[in-house]
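Heads up: the structure comes next, in structure tokens.
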Amino acid sequence: MPEPEALYEVMRCAPSTRRFTDEPVDPEVLRRVLANARFAPSGGNRQGWRVVVVTDPQLRRRLRELYEPGWEAYTERTGMRALLDSGQGVAPGRLRMLQLADEYAHTFDQVPVHLVICAQIDALAIVDRSLARPSIVGGASIYPFVQNILLGLRAEDLGAAFTTILAPAEDAVRELLEIPEGVALAGHISVGRRADPWPSRLSRRPVEEFAFAERFGEPFGARLGPRP
């Protein structure tokens with residue numbers, strides 16, 4: 001078995017890639033990644049994921065055209081567009097990140113491969129559908145597979161960007177790629193050689209800010225023993 005640190009190092013350094021080279025991606029490498037990613041867990045082991053591998057330039061361009069309206073709506077809704085337009089009050093590193101995401105949105109058809117991730121609806125256990133909030137848990141049978149793909153691509157020294165911005169254009173994507181009814185769009189992954197060097201380590205919040213002991217609010221690890 002591999003040393004845990006080897007896996008952890010991949011997990012700590014698998015960033016979203018926004019700038020790619022135009023170097024082709026070996027189909028055998030993609031197949032190897034998918035062959036290993038398929039061992040992700042899924043409800044009832046139903047393996048409801050489906051993947052369309054898109055390399056045709058015209059299809060890639062059409063996907064980008066379908067993506068752009070969703071991206072513009074997202075940047076307006078989140079206030080990102082105002083930050084991009086003014087560049088004021090934003091740390092240089094964050095501004096650069098936003099600029100790269102915006103550049104990607106308008107150019108990703110130049111990335112050599114896109115994996116369009118789909119979900120077979122009848123294979124999902126959507127057990128929170130009756131709650132008075134947006135459903136979350138249905139994706140639990142799909143997104144571990146997506147994460148396995150992302151880690152596999154990183155292990156193969158390939159950059160990747162996973163996004164769900166195409167979701168509002170599901171009907172158009174369905175028609176474009178001949179996706180049957182009963183199969184939903186779960187996101188897409190751009191795949192290619194990274195144009196920038198890999199970062200040595202990503203920046204994330206410490207465990208104490210998001211993990212709690214026994215009840216929500218008390219940082220995990222801040223005290224020993226069970227809470228009274």
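So which residues in region 34-56 are closer than 13 Å to GLN147 by Cα and either in contact with a Leu (Cβ under 6 Å, 6 or more places away or on another chain) or among the small types (Gly, Ala, Ser) (or both)? Across region 34-56, the qualifying residues are ALA37, ALA40, SER42. All told, ILE165 falls short of being assigned to a strand (DSSP E or B), at pLDDT 95 or above, surrounded by 17 or more Cβ atoms within 10 Å (Cβ to Cβ) and of a type outside the set (D, E, K, R). In the set ARG94, ARG129, only one residue is over 22 Å from SER16 (Cα atoms), charged (D, E, K, R) and at pLDDT below 95; that residue is ARG129. When region 124-162 is limited to residues that are among the β-branched types (Val, Ile, Thr), in a loop (DSSP other than H, G, I, E, B) and surrounded by fewer than 19 Cβ atoms within 10 Å (Cβ to Cβ), the one that is nearest to the chain's Cα centre (by Cα) turns out to be ILE136. Taking the listed residues TYR67, TYR74, the one that is crowded, with 17+ Cβ neighbours inside 10 Å and touching a helix residue (DSSP H, G or I) at 6+ places or on another chain (Cβ under 7 Å) is TYR67, with no other qualifying. Could you list all residues from region 48-73 that are small (Gly, Ala, Ser) and touching a Lys or Arg at 6+ places or on another chain (Cβ under 8 Å)? The answer is none; no residue qualifies.
Here's the yes/no breakdown for (1) over 26 Å from LEU202 (Cα atoms); (2) of a type in the set (Ser, Thr, Tyr):
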{"site": "ARG50", "(1), (2)": "yes, no"}
{"site": "THR55", "(1), (2)": "yes, yes"}
{"site": "LEU59", "(1), (2)": "yes, no"}
{"site": "LEU63", "(1), (2)": "yes, no"}
{"site": "GLU72", "(1), (2)": "yes, no"}
{"site": "MET97", "(1), (2)": "no, no"}
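Taking GLN120, is it at pLDDT below 95 and of a type in the set (S, T, N, Q)? Here the answer is no, as GLN120 does not meet what is asked. Considering (1) surrounded by fewer than 19 Cβ atoms within 10 Å (Cβ to Cβ); (2) among the hydrophobic types (A, V, I, L, M, F, W, C); (3) at pLDDT 95 or above, say which one VAL51 fails and leave the rest. The single condition VAL51 does not satisfy is (1).
The values are calculated or read from the model by the stated rules, or taken from the named source; none is laboratory data. Keep in mind the model is a prediction, meaning the values are calculated, not measured. Because the Cβ atoms are built from the backbone with ideal geometry, glycine has one as well, and the counts that use them run over all protein chains shown.
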